Amino acid sequence: MTKRKKYSKEFKLDAIALVIEQNYSQAEASRNLDINPNMLGRWIKEAENDDGQAFRGNGKLTPEQEEIRQLKAQVKRLEMEREVLKKAMVFFAKETK
């Protein structure tokens, strides 16, 4: 089984620049770089669609994804606090009877 090749962000951006800025065809650029033409096409689409957030790497989140993660953590914490307050209210209600 062959190991999957990993390409750096800089390599991908340089490959895209060959096609977009230097007017190489996708086939010619991919042949010169020894990569699959479909992969180069996918890189170009990803770079066009992601507004500078393309090729973040493993585990790196977009600002929107990071905000969602933080908000979910905050919601979880607030729900736990609410449960504690509910239990305290029940406890003190029993104490006053």
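Read-outs throughout are calculated quantities, based only on the coordinates presented, and are distinct from any laboratory measurement. Computed from a predicted model, the values in this text were never measured in an experiment. Glycine also receives a Cβ, built like all others from the backbone with ideal geometry; neighbour counts cover every protein chain displayed.
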Under the Karplus curve 6.51 cos²θ - 1.76 cosθ + 1.60, θ = phi - 60°, whole-Hz ³J(HN,Hα) for segment 8-16, x wherever Gly or Pro sits: 6, 4, 5, 4, 4, 5, 5, 5, 5
Taking Thr62, Thr2 and counting other C-beta atoms within 10 Å, the order from fewest to most: Thr2, Thr62
Computed [θ] at 222 nm, deg cm²/dmol, the chain (DSSP H ≥ 4; -39,500 (n - 2.57); rounded to nearest 500): -23000 deg cm²/dmol
Reciprocal mean inverse distance between Cα atoms of the chain - Kirkwood radius, Å: 17.7 Å
Sequence-separation-based contact order of the chain, relative, with Cα cut under 8 Å and 6+ spacing, percent: 17 percent
Two-site FRET efficiency, Arg42 against Thr2, from Cβ-Cβ distance with R₀ of 25 Å, rounded to 0.05: 0.80
Distance in nm between pseudo-label sites at Val75 and Phe92 (7 Å out along the Cβ direction from Cα): 2.9 nm
Sites Gln22 and Gln65, calculated FRET efficiency, Cβ-Cβ separation with R0 30 Å, nearest 0.05: 0.35
